[in-house]
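The block underneath contains the structure these notes are about, expressed in structure tokens.
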């Protein structure tokens, strides 16, 4: 996987101002950057609980998820916005009148990406310590 990463230390890139202005995550393959963003989105217990709650329903939730979480409405709304920005939740996420549901296709893609990633990093090599 990492053998596909282009070295930032070759002579052509050292003095290229466009490369110097990029963020560190832009130096990695898009697939890793996208996976990292989605992992970041699910890295909070409240967001995991929201996804579990939405996954247990076969329909969009129109109303208040606050009743099932020990969080304020504003906090839940912020967590939903993060999940929506990551593409894991669909719908209108804006306060108590929101309607939202889990994007099962996106969740499945995230699962597949994580499966592939961990398959790559857990494969033993003869030189492993």
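Values computed for the structure shown
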item	result
Residues of the stretch 12-56 that turn out to be modelled with pLDDT of 85 or more and part of a loop (DSSP other than H, G, I, E, B), as a count	5
Selected residue (only one of 107, 49 is more than 28 Å from residue 23 (Cβ to Cβ), surrounded by 14 or more Cβ atoms within 10 Å (Cβ to Cβ) and within 19 Å of the chain's Cα centre (by Cα))	49
Which numbered condition residue 90 fails, given (1) surrounded by 14 or more Cβ atoms within 10 Å (Cβ to Cβ); (2) in a helix (DSSP H, G or I); (3) modelled with pLDDT of 90 or more	(2)
Those residues of the stretch 54-79 which are touching a strand residue (DSSP E or B) at 6+ places or on another chain (Cβ under 6 Å) and free of Cβ contacts under 8 Å to residues at least 40 places away in the same chain, in sequence order	62
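The values are calculated or read from the model by the stated rules, or taken from the named source; none is laboratory data. Remember, it's a predicted structure, so these values are computed and weren't measured experimentally. Quick reminder, even Gly has a Cβ in these numbers, built from the backbone with ideal geometry, and neighbours come from all protein chains shown.
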